[in-house]
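Below is one structure, written out as structure tokens, with a few remarks after it.
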Amino acid sequence: MGKNIILIGFMGTGKSTIGIKLAERLKMQFVDMDREIEKLTGMSIPMLFKKHGEIRFRSEEQLMSQKLGQRSNLVIATGGGVVLNSENVEALRNSGILICLDADPGVILARVNRKKGSRPLLKKNLGAEDIEKMLNDREDYYALADYRIDTSGKEMDKIVQEIIQLVKKTNNRRVG
Ligand code: S3P
């Protein structure tokens, strides 16, 4: 059975956009974890945070990590905070390869500003220095990835191609 490809990384690093393209190229199914949580709870992520708080969201995220960790042949775009729970990381890692997408704080800021209001953890007048701080706080968690790819200033096709090469390399190693 085909291993999953799991994209982790901070908000605005392109996990969903790249995941969709990658799945298309590899003829795999794409799953966006936050969208699955939205379907399951019948609430948007901001609404879930607002009505029930971050703790409830994290518990839905944990359930979803366990559930998707049982499946195969998926490209999974995770939420940026999925790595904060070691059980999530373990479940996902056991199902495939963990790839972290990175980007510079300025690039992240520009991307998240395009979709204002969809990310409850980001304050209104967010600056690049706020993102830099959050990135630093989370660095040890993102470092748990099998591979990391810097997406800043790179074309999407190039990033997708890089991931495909990494996956091939890993699969060959597993066989050989
Ligand atoms: C979060 C990232 C979001 C979403 C939630 C919490 C985080 O997903 O899961 O708002 O803790 O970094 P994206 O990374 O897709 O924005």
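Among the numbered conditions (1) out of contact with any helix residue (DSSP H, G or I) (no Cβ under 8 Å at 6 or more places or on another chain); (2) crowded, with 16+ Cβ neighbours inside 10 Å, the only one that GLU60 does not meet is (1). Is it the case, given these coordinates, that ILE149 is open to solvent by less than 10 Å² (accessible area, probe 1.4 Å), modelled with pLDDT of 95 or more and within 28 Å of LEU40 (Cβ to Cβ)? Judged against the criteria, ILE149 is not a match. Evaluating LEU48 against the criteria (1) surrounded by 13 or more Cβ atoms within 10 Å (Cβ to Cβ); (2) under 16 Å from the mean Cα position of the chain (by Cα); (3) farther than 19 Å from SER152 by Cα leaves one unmet condition, (2).
Of the residues in the range 113-128, at least one is within 12 Å of the ligand (Cβ to nearest atom) and of a type in the set (Ser, Thr, Tyr). Residues of the range 81-98 that are within 11 Å of the ligand (Cβ to nearest atom) and surrounded by fewer than 22 Cβ atoms within 10 Å (Cβ to Cβ): GLY81, LEU84, ASN85.
Only one of PHE30, PHE10 is hydrophobic (A, V, I, L, M, F, W, C), within 12 Å of the ligand (Cβ to nearest atom) and surrounded by 16 or more Cβ atoms within 10 Å (Cβ to Cβ). Can you tell me which? Only one candidate qualifies: PHE10.
How do the strands (runs of 3 or more DSSP E) wholly within the range 49-156 filter down when requiring 1 or more residues that are touching an Asp or Glu at 6+ places or on another chain (Cβ under 6 Å) and without any contact (Cβ under 8 Å) to a residue 12 or more places away in the chain: which remain?
Details: elements: 74-77, 96-102, 147-150.
Those strands (runs of 3 or more DSSP E) do not exist here; none qualify.
Taking the conditions (1) aliphatic (A, V, I, L, M); (2) in a helix (DSSP H, G or I); (3) in contact (Cβ under 8 Å) with a residue 12 or more places away in the chain in turn, VAL31 satisfies each one other than (2). Considering only residues in the range 48-75 that are touching a Gly at 6+ places or on another chain (Cβ under 7 Å) and not polar (S, T, N, Q), the one that is nearest to the ligand (Cβ to nearest atom) turns out to be GLU61.
The values are calculated or read from the model by the stated rules, or taken from the named source; none is laboratory data. The structure displayed is predicted, hence computed values, not measured ones. Neighbour counts run over all protein chains shown; Cβ positions are idealised from the backbone, glycine included. In case anyone asks, the SASA skips ligands and DNA or RNA and just uses the protein heavy atoms, side chains included. Shrake-Rupley method; radii C 1.70, N 1.55, O 1.52, S 1.80 Å.
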